[in-house]
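Student: Submitted below is the structure of interest, expressed as structure tokens.
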Amino acid sequence: MRFSERIFSVLVFCLLMPTISAAEIWPQFRGATGSGISTEKNLPAKWSQDQGVFWSAALPGRANSSPAITANRIDITTKTNDDSLWVISFDRESGQEFRRVKVGSGSLSAPGPRNLWVHRHNAATPSPIADNQNIWAFFGTGLLVCLDAKSGEIQWKRDLVKDYGPYNITFGMGSTPRLWGDLLFVTCITKGPSYVVAFDKRSGKEVWKVNRKLPAHKDGADAYSTPTIFQNGTRTELLVSGSEHVNSYDPQTGKQLWIAGGLDIPSPFGRIIAAPVADSQTVIATSGNPGGGGLGYIKAFKQGLTGDLTKSGLLWKYDVATPDSSTPLILNGKLYMVSQNGIATCVDLKNGNPLWKKRMKGEYFSALVAGDGKVYFLNTDGLCTVISPETGNVIAENQLPGTFYSTPAISEGVLYLRAFDRLYAIKGK
């Protein structure tokens, strides 16, 4: 590794050992910052159950959490039928499970109609985070736990419901934390307690906490989104989306840098699930589009400003075939997204003008990821359509058995796909 590359790796991925390049790991949801972009080459394009699967491993219970990939290890969470909550670790080369740790128990508390979520979502929806020393896992019960990566022993635990109040969110807590440097960020955006809190990753002690109680109507007060880290020039920002607003915090202090509203939709079910995404000039926030009902939209805001950007910071708005759960992706000046009912769209990031649109098969909840000239669209039935980002042409359609709500991970030329009860490693040629 060249010296300049090593310095970049330390600064941007300071939680990692400096001998590991950014391209070799995928330590949390949609990668280290949440961009969903891999810089690797030779990523897989074609596979099936009988061809291209490097290995697969059965998982107990069921969950939607994505895997965390480190140098030699894969960590994932699950919930079993007896309400036990687990952190499971695999050898990334062989796929052999070498440790299973029960970290707690409990079921998801959700006041919304059970039949609308129980078949797809439970307390193990949030994704784990890992580095060479530790594994952090958050569950919809409010449990936040840190494990020693070598021994599997629990280093510290917190009960965020006990510490900060019970969740009042229609479909139960599902937000994934974000790790950056020495801080672990957790967002709680509900009709009840709403806040952003930063913990010391080693001790679990609170470093800062800010109230985020913002005006919103009915389910508009709820969010299931994950924070995103954005490197805006020399300034690092923590982007948070929910309760009909998107805003930015200084990750070291919790000071709000800017806020933008206007993400409400004409529906009592207007919660936000998709995470915010950004490039050097633009922040993208996604309004809810429950059931693909044509109510949601994408808003683009200017970057690098301060204060309230609701009016002055708005660049454009797009309101056709927008996502509900699936987080969009920014790549080379273009925004890619897929609606729940399978309309894939690419728009120009500068003005929101559509560049191409394509009808996909099935339903989509997984966030988009990309790399090596490929964008991966994974539907709930295990069909992963690989699309050329420039033309929208289909490179391949790949089918695996299972139910897939989890977002893929990419590391060292391998694409990891998590079904409810099985983890697949797909390797390029």
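The values are calculated or read from the model by the stated rules, or taken from the named source; none is laboratory data. For clarity, every value in this text was computed on a predicted model and none was experimentally measured. Virtual Cβ from ideal backbone geometry, glycine too; neighbours counted across all protein chains shown. In case anyone asks, the SASA skips ligands and DNA or RNA and just uses the protein heavy atoms, side chains included. Shrake-Rupley method; radii C 1.70, N 1.55, O 1.52, S 1.80 Å.
Student: Residues that are of a type in the set (Lys, Arg) and farther than 27 Å from Gln155 by Cα: does region 244-261 have at least one?
Tutor: Yes.
Student: Is it true that Asp250 is modelled with pLDDT of 95 or more, at negative phi, touching a Phe, Trp or Tyr at 6+ places or on another chain (Cβ under 7 Å) and open to solvent by 30 Å² or more (accessible area, probe 1.4 Å)?
Tutor: Considered against the rule, which asks whether it is modelled with pLDDT of 95 or more, at negative phi, touching a Phe, Trp or Tyr at 6+ places or on another chain (Cβ under 7 Å) and open to solvent by 30 Å² or more (accessible area, probe 1.4 Å), Asp250 comes out as no.
Student: Could you please find all residues in region 261-284 being more than 18 Å from Thr236 (Cα to Cα) and either over 21 Å from the mean Cα position of the chain (by Cα) or open to solvent by 30 Å² or more (accessible area, probe 1.4 Å) (or both)?
Tutor: Result: Gly261, Gly262, Asp264, Ile265, Pro266, Ser267, Pro268, Phe269, Ile273.
Student: Okay, next question. Just the residues that are touching a residue at least 40 places away in the same chain (Cβ under 8 Å) and under 19 Å from the mean Cα position of the chain (by Cα), please, taken from region 361-373.
Tutor: Tyr364, Phe365, Ser366, Ala367, Leu368, Val369, Ala370, Gly371
Student: Which condition number does Pro389 fail, the rest of (1) out of contact with any Leu (no Cβ under 8 Å at 6 or more places or on another chain); (2) over 30 Å from Ala124 (Cβ atoms) being met?
Tutor: Going through (1) out of contact with any Leu (no Cβ under 8 Å at 6 or more places or on another chain); (2) over 30 Å from Ala124 (Cβ atoms) one by one, Pro389 breaks only (1).
Student: Within region 401-408, is there a residue that is polar (S, T, N, Q), open to solvent by less than 10 Å² (accessible area, probe 1.4 Å) and in a strand (DSSP E or B)?
Tutor: no
Student: Considering only residues that are under 14 Å from Ala149 (Cα atoms) and not basic (Lys, Arg), look in region 40-76 and name the one that is most open to solvent (accessible area, probe 1.4 Å).
Tutor: Selected residue: Asn72.
Student: Does Ala216 satisfy the criteria of being touching a Lys or Arg at 6+ places or on another chain (Cβ under 9 Å) and at pLDDT below 95?
Tutor: yes
Student: While we're on this one: If the Cβ limit is 6 Å and pairs must be 6+ apart or interchain, which residue in region 388-401 that is of a type in the set (D, E, K, R) pairs with which residue that is in a strand (DSSP E or B)?
Tutor: These pairs meet every condition: Glu397/Thr385.
Student: Residue pairs, Cβ under 8 Å, 6 or more apart or interchain, first in region 345-359 and open to solvent by less than 10 Å² (accessible area, probe 1.4 Å), second of a type in the set (A, V, I, L, M, F, W, C) and part of a loop (DSSP other than H, G, I, E, B). List them.
Tutor: Final answer for the pair search is Thr345/Val320; Thr345/Ala321.
Student: Within region 94-113, count every residue that is modelled with pLDDT under 95 and surrounded by fewer than 18 Cβ atoms within 10 Å (Cβ to Cβ).
Tutor: Summing the residues that are modelled with pLDDT under 95 and surrounded by fewer than 18 Cβ atoms within 10 Å (Cβ to Cβ) in region 94-113 gives 5.
Student: Further question on the same structure: Please indicate, with yes or no, whether at least one residue in region 327-340 is small (Gly, Ala, Ser), at pLDDT below 95 and farther than 30 Å from Asp200 by Cβ.
Tutor: The answer is no; no qualifying residue exists.
Student: For residues in region 204-230 being acidic (Asp, Glu) and under 17 Å from Thr286 (Cα atoms), which is least open to solvent (accessible area, probe 1.4 Å)?
Tutor: Taking the candidates together, the pick is Asp222.
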